[in-house]
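First up is the structure itself, then whatever we jot down about it.
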2 protein chains.
Amino acid sequence: MRPREFDHDDVLRIAFDQFWRKGVRGTSLSDIARDAGVQRGSLYNAFGSKEALFLQAYERYAGNYLLALQKALGMGSLRKRLTAFFDLTISNFRSGAPPRGCPTTRGLMELGAAEGEGLDEEARQAFASLVSRITALVQDTLSAGARRGEFNGNPAAAALHIVTVTRGLAVLERAYGDEAQLRKIASHTIDLVLDKKGG
Amino acid sequence: MRPREFDHDDVLRIAFDQFWRKGVRGTSLSDIARDAGVQRGSLYNAFGSKEALFLQAYERYAGNYLLALQKALGMGSLRKRLTAFFDLTISNFRSGAPPRGCPTTRGLMELGAAEGEGLDEEARQAFASLVSRITALVQDTLSAGARRGEFNGNPAAAALHIVTVTRGLAVLERAYGDEAQLRKIASHTIDLVLDKKGG
DNA sequence: CTTCATTTTTGACACGATGTCGAGAAAGCA
DNA sequence: TGCTTTCTCGACATCGTGTCAAAAATGAAG
């Protein structure tokens, strides 16, 4: 057995950085290979294909992101939790220079696009899975808030609405790049959900 | 002067159909040339580049879409108008077999992605322009509703919120492909906006 | 220590995409 | 009829993905 000359996790990190900055289709394996100091062929040997490499890199990101999310949703009043949720979401979109947007939303629109080509379906599921998990976390937060009398609506419907807004924010971020606008929409959404008339 | 052997508008229509089904990066000029019965070189001669062709095809679509939108927003109570707005939006996402999603959102995430490459910026503006125009139409509708006592919130903020939700719906359509879910979110959004406590 | 088996690395190759270029073809006009 | 202008067409350069076989490096067995 000959040992691998590069670190698996390092490559995933470097690759995801490129994918995030330039999009999946806009990033070539040559770019990643150069950045990682590895031959292109070695990447194929280790990961199989560009999309397989992307999927592994994305799963790595999704795990980290969910951890941060749980932390943000875990403290204070319901309003504080939702504010922290939107803060984290928007900060994530606006991280990097220039801002890199939302990798999940970009990936969904970029790869979930082509007609049934096999791996695209696998990618679609990876993205959808993260969105579902985020929705579940928000729903749990709302349910807890309802038990404490901080919320009187339908947690499932409200969570879906909130997550839909965050996906919309990801799109508007690309369209306008106006962070203040995103924060305004977020705060307006929290008001709508929490001030709703008896449900 | 030798006359062109193909119809300009026909090619735009055929090209946009391909771009809509397979994404911009997923569609090759050879595909379009084959479908349109034209040589690839002729497309370069007539349109300059793939992205220039896409932009022209997209502008053609955007014009038609805005016309349909004005029609949908022009009749009945405010609730009826907003319902028609979401209906048109979702029907548009779900048109085709398989459903083609939202071309604007897909285009934004696909092209507005790469770092300052010139034409990508032009594309971004085309997408952003349609989103802005849609927002303006919704805002006008809400303002008219406010004058008739059907709405007591801030039209600008509410319009932005509604359009943000439609962008989110475009993303969820790709993630889940569940049309009933999209319609539920839409109806919930209308309730939130119209039932809001005095603002 | 030598040999072997296994895995990684590496470079060459096939293929398809974008975009350029120049030669040839087809109209309008003098 | 001949000239000019534009369009069409095929060849080419370049870059992307993905495959393959040969070479290199390591661990294990004799």
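The numbers here are math on the coordinates, done by the rules we state, and not lab data. Keep in mind that this is a model prediction, so the values were computed, not measured. Note that each Cβ is placed from the backbone with ideal geometry, even for glycine, and that neighbours are counted across all protein chains shown.
Taking every alpha-carbon pair under 8 Å whose residues sit at least 6 apart, the range A:55-194 reaches a relative contact order of 28 percent. Helix A:179-194 against the longest principal axis of chain A: what's the angle in degrees, Cα atoms only, rounded to the nearest 10? Value to nearest ten degrees: 50.
Quick check for me: using +1 on Lys/Arg Cβ and -1 on Asp/Glu Cβ, what's the dipole size of chain A about its Cα centre, in debye to the nearest 20? Mind dumping the intermediate values first?
On the way: 27 positive and 23 negative charges, 126 e Å.
Roughly 600 debye for chain A.
Between the range A:170-187 and the range B:116-155, the C-alpha centres lie 13 angstrom from each other. The trypsin sites (Lys or Arg not before Pro) found in the range B:120-151 that occupy coil by DSSP, while having at most 13 further C-beta atoms within 10 Å, are B:Arg148. Taking Cα atoms only, the orientation of helix A:8-22 departs from the longest principal axis of chain A by about 70 degrees.
For the pair B:Arg183 and B:Asp195, the difference between a 0.36 nm per residue extended length and the Cα-Cα distance amounts to 2.5 nm. The angle between the Cα long axis of helix B:78-94 and the main principal axis of chain B comes to about 30°, on a 0 to 90 degree scale. Of the trypsin sites (Lys or Arg not before Pro) in the range B:1-96, the ones in a loop by DSSP (not H, G, I, E or B) with at most 13 other beta carbons within 10 Å are B:Arg4. Estimated purely from DSSP H runs of n ≥ 4, each contributing -39500 (n - 2.57), the mean residue ellipticity at 222 nm for chain B is -24500 deg cm²/dmol once divided by its residues. Mean silhouette area of the range A:32-99, derived from the convex hull of its C-alpha atoms and averaged over all directions, reads 5.8 nm². Calculated FRET efficiency, A:Arg34 to B:Ala136, Cβ-Cβ distance, R0 = 56 Å: about 0.80 to the nearest 0.05.
Compared with the rule-of-thumb size 2.2 N^0.38 Å for a compact globular protein, the range B:52-194 has a Cα radius of gyration ratio of 1.07.
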